Amino acid sequence: MLDWTLLRAFLAVIDTGSLSAAASRIGATQPTLSRHVRELETAIGTPLFRRSVRGLEPTEAALGLIDDARAMGRAAEALALKAQGKAETLSGTVRLTASVVVSNLILPPLIADLRREEPLIQVEIVASDASQNLLRRDADIALRMFDPTQNALIARRLGETPLGVYATRDYLARKGRPQTMPELLGHDVIGFDRADDIIKGYAAMGYPVTRHQFPVRTDDQMVCWHLLLAGAGIGFAQCLLADAQPNLEKLDLGMTLPALPVWLVMHEEVRTNARIRRVADFLTTRLTALLGATP
């Protein structure tokens, strides 16, 4: 019988095309992963990869293994999730993923309070604006600002967080206060670099623009936040966060921005896990109260 550890290393190389990237994906060292690939090749008696200018490419033998190896991987993940769901002690690790802004500006005081109440629960935070795959156990709990789409997930809608247009008092003193959307077009607005969310929003309101409309651009949400606080321009921000900043003023441009839904999501197989359920319930209570207080 083939060791799943070897097949897991094999699939990681298939997916990434290199030993270093595969090792990073599964949390192994490159020498260990290379050894696992060699052991698998020895076990089946044929080479699985050939080197090329594009990295490691699978041989014909490797291509014949991929579907069965993925099926074994799905079975192993399902088994691990079910086993994890049986854990009943309020100790151990809970892996939580949230957006970069939420991870930096909302979660820290909540996690500090959780640690005071549950000192045996360890928390891993994945700050990412990419959607982590809960079905592959990239995280136990996800806080998301879009409707969940994956099957086999439990989703709790905690509320929503409105968006607003803000600027520092210093910026408004220097540049003036826009009161309509056409007036906003003449101001320094902090925009995105490659993401087109703001451009689409402008177009939906009847104002087609290009990225060059925004003199300062970045796709990093935390950089956007700090640029706004520094007075580099007018920015779009969650009212929950911006209203708490005494130097920021909310602008009334005669338009209503859409609110972001806030969901807590976890895989259905871990809902009976005591520590994951405890963290999920704690976050649900605290965030629901926080969002309810949002203007």
Quiz item: With labels modelled as points extended 7 Å from the Cα through the Cβ direction, what inter-label distance (nm, one decimal) is found for R174 paired with D129?
Solution: 2.4 nm
Exercise. Give a residue-ordered list of calculated ³J(HN,Hα) values for the stretch 191-198 (Karplus: 6.51 cos²θ - 1.76 cosθ + 1.60, θ = phi - 60°; whole Hz; x for Gly, Pro).
Key: x, 8, 7, 9, 5, 10, 4, 5
Exercise. Under a 10 Å cutoff between Cα atoms, tell me which one of A142, A80, A195 has the largest fluctuation in the Gaussian network model of the chain.
Key: A195
Self-check item: Computed over the stretch 106-264, Cα set: Rg, Dmax in Å
Solution: 18.0, 55
Quiz item: Which value results for Rg/Rh of the chain when Rg is the Cα radius of gyration and Rh the Kirkwood radius based on the inverse mean 1/r?
Solution: 1.07
Quiz item: Full extension from S20 to D219: what is 0.36 nm times the residue separation minus their Cα-Cα distance, to one decimal in nm?
Solution: 69.0 nm
Quiz item: Considering only the chain, what is the antiparallel percent among its DSSP beta bridges, to the nearest 5?
Solution: 65 percent
Quiz item: Out of V123, V101, V265, any idea which swings most in a Gaussian network model of the chain, alpha carbons joined below 10 Å?
Solution: V123
Exercise. Would you mind checking the tilt of helix 30-44 against the longest principal axis of the Cα atoms of the chain, expressed as 0 to 90 degrees and rounded to 10?
Key: 40 degrees
Practice problem: Apply 1/(1 + (r/R0)^6) to the Cβ-Cβ distance of A274 and T5, taking R0 = 25 Å, and write down the FRET efficiency to the nearest 0.05. | Solution: 0.30
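The numbers here are math on the coordinates, done by the rules we state, and not lab data. None of these values were measured; they are calculated from a predicted model. Methodologically, a virtual Cβ is constructed for each residue, glycine included, from the backbone with ideal geometry; neighbour enumeration extends over all protein chains shown.
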